[in-house]
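To start, the structure itself, in structure tokens.
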Amino acid sequence: MYPLVYTGSNSSSPDPGSLCLEGTLDPHVVAGKIVICDRGISPRVQKGQVVKQAGGIGMILSNTAANGEELVADCHLLPAVAVGEKVGKTIKQYAMRDPKPTGNLAFSGTKLGIKPSPVVAAFSSRGPNFISLEILKPDMVAPGVNILAAWTGDMGPSSLEADKRRVGFNILSGTSMSCPHVSGVAALLKARHPDWSPAAIKSALMTTAYIHDNTHEPLRDSSTGAPSSPYDHGAGHINPVRAVDPGLVYDIGAQDYFDFLCTQGLTRTQLVVFAKFSNRTCQHTLSGPSDLNYPALSAVFPEDKRVSTVAIHRTVTNVGPPTSKYHVVISQFKGVDVKVEPSSLSFTKKYQKLSYKVTFTTKTRQTAPESGALIWKDGEHRVRSPVVVTWLSPL
């Protein structure tokens with residue numbers, strides 16, 4: 001057991017000393033001790049470097065409220081462990097109250113079958129999309145926490161100049177790790193379906209994603225511990241095997257995207273930026289931004305309370321069996337009645353396109369967005385689109 005020290009003044013509120021920033025640790029106080037550092041402001045590994053330079057022999061990196069219980073692996077420069085906010089607060093209180101606090105850092109071994117899993121990372125990109133509320137963001141989530149990945153030999157695994165170690169692999173976290181997972185699955189789908197457009201591939205990934213963890217509960221947000229929403233997980237967590245055979249896809253062409261831009265109130269000069277290599281012009285094929293043929297549906301009621309109905313149009317392409325019939329299932333909402341027309345789609349050939357309309361009629365305007373799903377089923381496929389309904393507050 002080694003002496004333990006926390007240089008902060010409050011177990012709940014970080015300060016420069018508790019954050020282990022450059023120049024904040026007194027060697028006379030921390031030398032030969034395990035130092036508790038709060039996460040935030042400076043890089044996590046750099047905090048360990050500050051502790052090491054001040055003579056500390058180890059570090060406990062404690063999450064604050066901003067990170068919750070999410071633990072991220074790092075290539076530290078000294079013995080170190082990461083703990084969640086709740087445990088971190090307990091350890092800090094012990095270090096502040098006990099006259100001679102001690103601690104010990106031990107490797108507990110690799111653990112398998114962790115539950116719940118997966119969870120939405122605290123750093124994961126969040127919605128809503130304030131530029132265009134009619135387009136639900138994010139699209140989906142994918143593995144991005146503590147990923148074993150190839151690493152350049154040009155720098156140490158911590159990316160700090162003082163780190164002279166050289167390795168061929170590293171453990172990394174971030175959207176920079178989830179992106180290659182999605183890219184690899186997209187490449188898999190393109191290899192299986194060479195004629196699919198990027199939008200079709202994206203649709204397959206979104207409509208086959210799942211929103212429940214390995215305990216059969218809704219995906220949790222690791223930053224809060226609460227169930228995540230479509231603003232956190234989008235359509236859900238990617239499922240590569242199901243995405244290969246989605247049944248139906250929502251396809252979008254270049255002109256469709258341009259017509260979406262035409263609904264955004266851009267000037268002619270601004271639109272030219274997007275069309276200078278294609279000479280595109282507005283074809284006005286969309287009645288509004290919500291009609292972009294996206295795999296997610298976002299119904300936005302304006303500030304004007306007199307507007308009680310919003311209609312969204314979609315077109316699906318059959319990429320499953322040539323002859324198939326789908327029926328729709330739609331979530332119940334507190335604030336709106338939802339009607340899907342037609343309620344069933346009958347396909348007679350592959351790549352056939354059929355359209356439908358979703359009408360949202362306000363019952364009671366809600367103060368917060370409501371979420372649910374629209375699912376097309378044929379007995380084999382389950383084509384799921386997240387649905388969010390938003391009522392804008394009167395100006």
(message) Let me check I've understood the local charge: for LEU219, count other residues with C-beta under 11 angstrom from its C-beta, Lys and Arg +1, Asp and Glu -1. What total comes out?
(response) -3
(message) With unit charges on the beta carbons (Lys and Arg positive, Asp and Glu negative) and the dipole taken about the Cα centre of the range 234-389, which residue among VAL340, VAL387, THR269 sits farthest to the positive side?
(response) VAL340
(message) Straight-line reach only, C-alpha to C-alpha below 21 angstrom: list the lysines that LYS353 could link to, leaving out same-chain residues fewer than 8 apart.
(response) LYS190, LYS202, LYS325, LYS339, LYS377
(message) Using Cβ contacts closer than 10 Å as the measure, can you line up GLU70, GLU370, GLU22 from fewest to most?
(response) GLU22, GLU370, GLU70
(request) Report, largest value first, the span of the C-alpha coordinates of the range 27-136 along each principal axis, in whole Å. (result) 58, 33, 28
(request) State, to one decimal in nm, how far the label point of ILE114 lies from the label point of SER344, with both points 7 Å from Cα in the Cβ direction. (result) 4.6 nm
(request) Using a Förster distance of 30 angstrom, determine the FRET efficiency expected from the C-beta separation of LEU392 and SER159, and round it to 0.05. (result) 0.10
(request) Select from THR361, LEU205, VAL244 the residue farthest towards the positive end of the dipole of the chain; place +1 on Cβ of Lys and Arg, -1 on Cβ of Asp and Glu, and compute about the Cα centre. (result) VAL244
(message) Using Cβ counts within 10 Å as a stand-in for footprinting exposure, how do TRP151, TRP376 rank, fewest first?
(response) TRP151, TRP376
(message) From the phi angles alone, apply the Karplus equation (6.51, -1.76, 1.60; θ = phi - 60°) to the range 207-223 and give each ³J(HN,Hα) in whole Hz, x where the residue is Gly or Pro.
(response) 6, 10, 5, 10, 10, 10, 8, 6, 9, 6, 9, x, 3, 9, 8, 5, 6
(request) Identify unpaired cysteines across the chain, taking unpaired to mean no other cysteine Cβ lies under 4.7 Å from the residue's Cβ. (result) CYS75, CYS179
(message) Can you tell me the length gained on complete extension of the stretch THR90 to VAL244, counting 0.36 nm per residue apart and subtracting the Cα distance?
(response) 50.7 nm
(request) Only helical DSSP H runs with n ≥ 4 go in: add -39500 (n - 2.57) per run for the chain, normalise by residue count and round the 222 nm mean residue ellipticity to 500 deg cm²/dmol. (result) -5500 deg cm²/dmol
(message) Run the simple label-point estimate for LEU266 and SER287 please: 7 Å along Cα→C-beta, distance reported in nm.
(response) 2.4 nm
(message) What aspartates and glutamates does LYS33 reach when the alpha-carbon gap must be under 13 Å and sequence neighbours fewer than 8 apart in one chain are set aside?
(response) none
(message) With 10 angstrom as the radius, rank MET140, MET177, MET155, MET206 by how many other C-beta atoms surround their C-beta, starting from the fewest.
(response) MET155, MET177, MET140, MET206
(message) Need one number: nm distance between label points at LYS276 and THR224, each 7 Å from Cα along Cα→Cβ, rounded to one decimal.
(response) 4.2 nm
(request) Could you tell me the distance between the Cα centroids of the range 137-204 and the range 1-39, to the nearest Å? (result) 34 Å
(message) Just to be sure I understand: with springs between alpha-carbon atoms less than 10 Å apart, which residue in LEU219, LEU105, LEU21 has the highest mean-square fluctuation in the Gaussian network model of the chain?
(response) LEU105
(message) Pick from ALA122, ALA187, ALA200 the residue whose mean-square fluctuation is largest in a GNM of the chain, springs joining Cα atoms under 10 Å.
(response) ALA187
(message) Can you find, among GLN93, LEU219, TRP151, the residue sitting farthest towards the positive end of the charge dipole of the chain, where Lys and Arg contribute +1 and Asp and Glu -1 at Cβ?
(response) LEU219
(request) Can you tell me the relative contact order of the chain? Whole percent, Cα pairs under 8 Å, sequence separation 6 or more. (result) 12 percent
(message) Rounded to the nearest 20 debye, what is the charge dipole size of the range 187-255 about its Cα centre when +1 sits on each Lys and Arg Cβ and -1 on each Asp and Glu Cβ?
(response) 200 debye
(request) Taking only Cα atoms and a 10 Å spring cutoff, compute GNM fluctuations for the chain and point out the largest among GLY127, GLY335, GLY168. (result) GLY168
(request) May I ask you to evaluate 6.51 cos²θ - 1.76 cosθ + 1.60, the Karplus curve with θ = phi - 60°, for each residue of the range 257-269 and list the ³J(HN,Hα) values in order in whole Hz, giving x for glycine and proline? (result) 5, 5, 5, 5, 4, 5, 8, 9, x, 6, 6, 4, 5
(request) Using only the Cα atoms of the chain, construct the convex hull and provide its projected area averaged over every direction, in square nanometres to one decimal. (result) 24.8 nm²
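We did not get these values from a lab; they are worked out from the coordinates using the rules stated. Just so it is clear, the structure is predicted and the values come from calculations on it, not from any experiment. Because the Cβ atoms are built from the backbone with ideal geometry, glycine has one as well, and the counts that use them run over all protein chains shown.
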